[in-house]
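As structure tokens, the structure follows; a few thoughts come after it.
The values are calculated or read from the model by the stated rules, or taken from the named source; none is laboratory data. Everything numeric in this text was worked out from a predicted model, so none of it was measured. No Cβ is skipped: glycine too gets one built from the backbone with ideal geometry, and neighbour counts run over all protein chains shown.
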């Protein structure tokens, strides 16, 4: 089933049936370790291991259901939603509203999400603005990381490059070398290897594309240079 094209009602029905199927499997799976009175009959470790396995599956299903419902219904525009930032911070961002909260969220943890969303719509390539040195905050740098220029610890900010060469982020369009807090930073086109490094680096948050996509049109409409 192609869940990305479901109508809102079909999306809700898909979520309900997926949950009920999972619940039934989990109920019977745990009952195998209990007696007629529901008391654990046998090794508690085996029961706990299965409960952990089921909890992980339930978390995964919940994440997918919320993503499915968001695709079907969209995000609210009359109230803020939580957006994960860098260094353990969380921002309350109202979808589609470019304000201080949005600017912080998309410069301090979710710049890669906005770059991906902008590229989807415009086709403009994403560009990494590099820090001078690798901070070695992620084990990938020393163990399985890519080359020095592509190290996720050297990628300080991600923008998109407009055909005229301007760098675009949540703060607008900037001449190369003038992006706020990244002045004169070396610029490097994002590659598949670099995106893979971002996805696998523990120091980067998962790209919040659902929220980022709501800012593409307001941002493009606001560009003045």
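Summed over the range 71-87, residues that are outside any loop (DSSP other than H, G, I, E, B) and either under 16 Å from residue 206 (Cα atoms) or touching a strand residue (DSSP E or B) at 6+ places or on another chain (Cβ under 9 Å) (or both) total 4.
For (1) more than 18 Å from residue 201 (Cβ to Cβ); (2) outside the structural domain of residue 201 (by TED's automatic domain parsing); (3) at pLDDT below 95, each residue gets a yes or a no:
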site: 89; (1), (2), (3): no, yes, yes
site: 93; (1), (2), (3): yes, yes, no
site: 109; (1), (2), (3): no, no, yes
site: 122; (1), (2), (3): yes, no, no
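Residues in the range 189-220 that are in a helix (DSSP H, G or I) and at pLDDT below 95: 192, 193, 194, 195, 196, 197, 198, 199, 200. Does the range 155-162 include one or more residues that are over 16 Å from the mean Cα position of the chain (by Cα) and at pLDDT below 95? Yes, that holds for at least one residue. Annotation: of all residues in the range 100-116 being within 20 Å of residue 188 (Cβ to Cβ) and assigned to a helix (DSSP H, G or I), the one that is nearest to the chain's Cα centre (by Cα) is 113. Residues in the range 42-67 that are more than 30 Å from residue 208 (Cα to Cα) and surrounded by 13 or more Cβ atoms within 10 Å (Cβ to Cβ): 47, 50.
On the given criteria, is residue 152 modelled with pLDDT under 95, within 24 Å of residue 178 (Cα to Cα) and surrounded by 15 or more Cβ atoms within 10 Å (Cβ to Cβ)? In short, yes. If you check 212, 196, 187 for being under 14 Å from the mean Cα position of the chain (by Cα) and surrounded by fewer than 20 Cβ atoms within 10 Å (Cβ to Cβ), only one passes: 196.
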